[in-house]
Amino acid sequence: MDKIAVKIQNNKVGELFYEAANQCYGFNYTSDTAPVSLVMPYKASTYLWNNRLHPVFDMNMPEGYLFEILKNYLNKQHGYINDFLLFSYLCPNIHGRLSFSSEFTANNVDALDLDEILHNDSEDTFVRLVQLFLSKNAISGVQPKTLALLQDKESLTTKEYIIKTWGAEYPHLAENEYFCLKAVEKAGVEIPIIFLSENKQFLVVERFNLDKSNDSYLGFEEVLGLLGKNKEQKYEGSYEQVATVFYRVVANKRRDMASFYKTLVMSYLLKNGNAHLKNFGVLYDSDMSKIRFSPAYDIVNTAVYVPSDRPALTLFGKKAWFSRRELIKFGVDCCYISEKMANAFYDDCVRAVESAIVDLQDYIQQNPGFSEIGLRMIDTWNLSLNNETHKEVPIEIRRNWAKNKSNATG
């Protein structure tokens, strides 16, 4: 199979290849102008990776729903499937600091109207988007998502968004994520620009790696890749390791360690059991300067669907919903924040959750169909505000949920 050319600002800097006999992926630099990753500086010899793509390339690979669609398509077309074939097919349509060319050609698709997506958020619309943008689906994550170019009528500018939708297994997950992200924003942490569609079926998230001031792409890398891990290892690690990575690479340590700390505290308070290694990242300029904590993303209350859910990574060697005392200690010991500031940041997060509860209560009044999930979110958030460490949602709260569901359907 042909090699994949790897480019920065449309200038070739290296080649990615696959040795089928050894099931080995290799990358060679062809230019020393700029590195492809924070953890892959220029060198004359080959970067070898056994059985899987190098993490900086692997982070663009789809999972779950999209992987199955693409796997079936490629199996039918080629009679086999591996990561190199899949990446070869996807990579010409990946737009970021890194761009690629392979034996496959890029698809040029006209921009869609953002209003059309927000006001026609049906399953048929999403299926149509998947069909239109199948070869642009270099977006990772287990939820069905598709990358689309949407045209915002108000500004008449073309932007890139991620459109997210979910199946019946996780009802109202678009609203769940919307309110969780807005709560994080209340705590003073930057989040992407997000939209909730009219029928609440889609969460539309603006891509935050596009620098609209000069229409160029920022570099983005997940903590997973900075640790040299692939997507199958996203639950292997600790929040102490994540803090160490950020402290090592970010330029403004005071600002960005505070943002990371607040993001983690909010994940605990909001009961986000999906804060794994792929859900933290850094942004940097094209020349790899100004490395910084990325906007917070993919934050959802998972406990309302899986009451036994726990944090995705360990903290102090355990996966438990720690309370204020332990999280203050984490801020001091691992984020290098003074105890006074850690307490102040924690208070910011508490106020954000309290405000988010009020927002949810108002929203439930206007949207009674959301009441079951919304009230569960409020229950778990009040549990967090009680400052008690627990492994999972207590049985008495679960029983109350079951009772309320039975009464609603009886």
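The values are calculated or read from the model by the stated rules, or taken from the named source; none is laboratory data. Here the structure is a predicted model, which is why all the values come from computation and not from measurement. Ideal geometry is used to build each Cβ from the backbone, glycine not excepted, and the neighbour counts take in all protein chains shown. Please note that ligands, DNA and RNA were not included when accessible areas were found on the heavy atoms of the full protein model with its side chains. Shrake-Rupley method; radii C 1.70, N 1.55, O 1.52, S 1.80 Å.
Quick notes on this one:
- In segment 267-296, of all residues being part of a loop (DSSP other than H, G, I, E, B) and in contact with a helix residue (DSSP H, G or I) (Cβ under 7 Å, 6 or more places away or on another chain), the one that is most open to solvent (accessible area, probe 1.4 Å) corresponds to Ile291.
- When Phe195 is tested against (1) open to solvent by less than 10 Å² (accessible area, probe 1.4 Å); (2) within 30 Å of Met377 (Cβ to Cβ); (3) part of a strand (DSSP E or B), exactly one condition is not met: (1).
- Annotation: Glu116 fulfils all but one of (1) modelled with pLDDT under 95; (2) within 30 Å of Lys271 (Cβ to Cβ); (3) not in a strand (DSSP E or B); the unmet one is (2).
- Test for Val245: is it at pLDDT 95 or above, open to solvent by less than 50 Å² (accessible area, probe 1.4 Å) and either assigned to a helix (DSSP H, G or I) or not charged (D, E, K, R) (or both): yes
- Residue list for segment 271-295, filter: under 20 Å from Gln241 (Cα atoms) and in contact (Cβ under 8 Å) with a residue 60 or more places away in the chain: Asn272, Lys278, Gly281, Val282, Leu283, Ile291, Ser294, Pro295
- Qualifying position, being open to solvent by 70 Å² or more (accessible area, probe 1.4 Å), assigned to a helix (DSSP H, G or I) and at pLDDT 95 or above, among Arg310, Arg351, Arg376: Arg351
- Looking only at segment 250-264, residues that are out of contact with any helix residue (DSSP H, G or I) (no Cβ under 7 Å at 6 or more places or on another chain), open to solvent by less than 70 Å² (accessible area, probe 1.4 Å) and part of a helix (DSSP H, G or I) come to 1 in all.
- Which numbered condition Glu185 fails, given (1) of a type in the set (Asp, Glu); (2) surrounded by fewer than 21 Cβ atoms within 10 Å (Cβ to Cβ); (3) in contact with a Phe, Trp or Tyr (Cβ under 8 Å, 6 or more places away or on another chain): (3)
- Test result for Thr158, at pLDDT below 90, under 24 Å from Pro295 (Cβ atoms) and touching a helix residue (DSSP H, G or I) at 6+ places or on another chain (Cβ under 9 Å): no
- Set His78, His119, His95: member being under 19 Å from the mean Cα position of the chain (by Cα) and either open to solvent by 60 Å² or more (accessible area, probe 1.4 Å) or without any contact (Cβ under 8 Å) to a residue 40 or more places away in the chain (or both): His95
- Counting only residues that are of a type in the set (Phe, Trp, Tyr) and touching a Ser or Thr at 6+ places or on another chain (Cβ under 9 Å), segment 78-117 holds 4 of them.
- There is at least one residue in segment 164-172 that is surrounded by 20 or more Cβ atoms within 10 Å (Cβ to Cβ) and either modelled with pLDDT of 95 or more or outside any loop (DSSP other than H, G, I, E, B) (or both).
- Pick from segment 328-348, criterion open to solvent by 60 Å² or more (accessible area, probe 1.4 Å) and of a type in the set (D, E, K, R), ranking: nearest to Leu385 (Cα to Cα): Lys329
- Taking every residue in segment 326-338 that is on the phi > 0 side of the Ramachandran plot and pairing it with any residue that is assigned to a helix (DSSP H, G or I) and modelled with pLDDT of 95 or more, at least 6 positions away or on another chain, the pairs with Cβ-Cβ distances below 8 Å are Tyr336/Tyr247; Tyr336/Lys253; Tyr336/Met257.
- Test: Glu68 is modelled with pLDDT under 90 and open to solvent by 50 Å² or more (accessible area, probe 1.4 Å): yes
- The single condition among (1) touching a Gly at 6+ places or on another chain (Cβ under 9 Å); (2) in a strand (DSSP E or B); (3) surrounded by fewer than 19 Cβ atoms within 10 Å (Cβ to Cβ) that Val6 does not satisfy is (3).
- Every pair of residues 6+ apart whose Cβ atoms lie under 7 Å, when the first sits in segment 17-35 and is under 17 Å from Pro55 (Cβ atoms) and in a strand (DSSP E or B) while the second is aliphatic (A, V, I, L, M) and open to solvent by 80 Å² or more (accessible area, probe 1.4 Å): Tyr18/Met1; Cys24/Leu48; Gly26/Leu48
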